[in-house]
């Protein structure tokens, strides 16, 4: 049997079970920002989440609804659109990385860790300091204007 035109892995599951597995892995990745799973599952979930990040970066209502439909929980979809996607605007693609970690003891399967390339906690701290500077400047200018009047 030829392999031309076949795309994706089956994981010995039916279609609905397979899509639920990918949705769950994507949901966990967004929720915890890093997960460890088997290498084939990591390779399968990576393009799925990359496409979701691209949609979330646009941020329109239609794209938000598409992201919600592709994830298991609404809270993780909102986290992706509101918190994670704005921090990833510097990249066009390649937001995630896969790193091989260890061999699982029970069945000798290669495990891999999926995580974001950019450290999301460092980026968020830098943005909060910029916001604080902006918030502290306007009250001083208003005080000087009131003092001159």
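Given the structure, is residue 78 part of a loop (DSSP other than H, G, I, E, B) and out of contact with any strand residue (DSSP E or B) (no Cβ under 7 Å at 6 or more places or on another chain)? Don't jump to the end; show me each part of the working.
On the way: part of a loop (DSSP other than H, G, I, E, B): no; out of contact with any strand residue (DSSP E or B) (no Cβ under 7 Å at 6 or more places or on another chain): yes.
It is false that residue 78 is part of a loop (DSSP other than H, G, I, E, B) and out of contact with any strand residue (DSSP E or B) (no Cβ under 7 Å at 6 or more places or on another chain).
Please enumerate the residues belonging to segment 52-65 that are surrounded by 15 or more Cβ atoms within 10 Å (Cβ to Cβ) and either in contact with a strand residue (DSSP E or B) (Cβ under 7 Å, 6 or more places away or on another chain) or over 15 Å from residue 76 (Cα atoms) (or both).
Answer for segment 52-65, where residues must be surrounded by 15 or more Cβ atoms within 10 Å (Cβ to Cβ) and either in contact with a strand residue (DSSP E or B) (Cβ under 7 Å, 6 or more places away or on another chain) or over 15 Å from residue 76 (Cα atoms) (or both): just 54.
Scan 99, 49 and give me the residue that is in contact (Cβ under 8 Å) with a residue 12 or more places away in the chain, crowded, with 18+ Cβ neighbours inside 10 Å and within 25 Å of residue 122 (Cα to Cα).
After ruling out the rest, the residue left standing is 49.
Mind checking whether some residue in segment 128-149 is loosely packed, with under 14 Cβ neighbours inside 10 Å and either at pLDDT 95 or above or in contact with a helix residue (DSSP H, G or I) (Cβ under 9 Å, 6 or more places away or on another chain) (or both)? Steps first, please.
The initial filter retains those residues of segment 128-149 that are loosely packed, with under 14 Cβ neighbours inside 10 Å, namely 128-149.
Applying the additional criterion that residues be either at pLDDT 95 or above or in contact with a helix residue (DSSP H, G or I) (Cβ under 9 Å, 6 or more places away or on another chain) (or both) yields none.
No, because not a single residue in segment 128-149 is loosely packed, with under 14 Cβ neighbours inside 10 Å and either at pLDDT 95 or above or in contact with a helix residue (DSSP H, G or I) (Cβ under 9 Å, 6 or more places away or on another chain) (or both).
Here is a list: 68, 98. Which entry is outside any loop (DSSP other than H, G, I, E, B), touching a helix residue (DSSP H, G or I) at 6+ places or on another chain (Cβ under 7 Å), in the same structural domain as residue 37 (by TED's automatic domain parsing) and within 13 Å of residue 34 (Cα to Cα)? Even if it seems obvious, please write down each step before you answer.
On the way: 68 fails: within 13 Å of residue 34 (Cα to Cα).
Criteria check complete, one pass: 98.
The values are calculated or read from the model by the stated rules, or taken from the named source; none is laboratory data. Only a predicted model underlies this, so the values are computations on that prediction, with no experimental measurement involved. Positions of Cβ are backbone-derived with ideal geometry, glycine not excepted, and every protein chain shown enters the neighbour counts.
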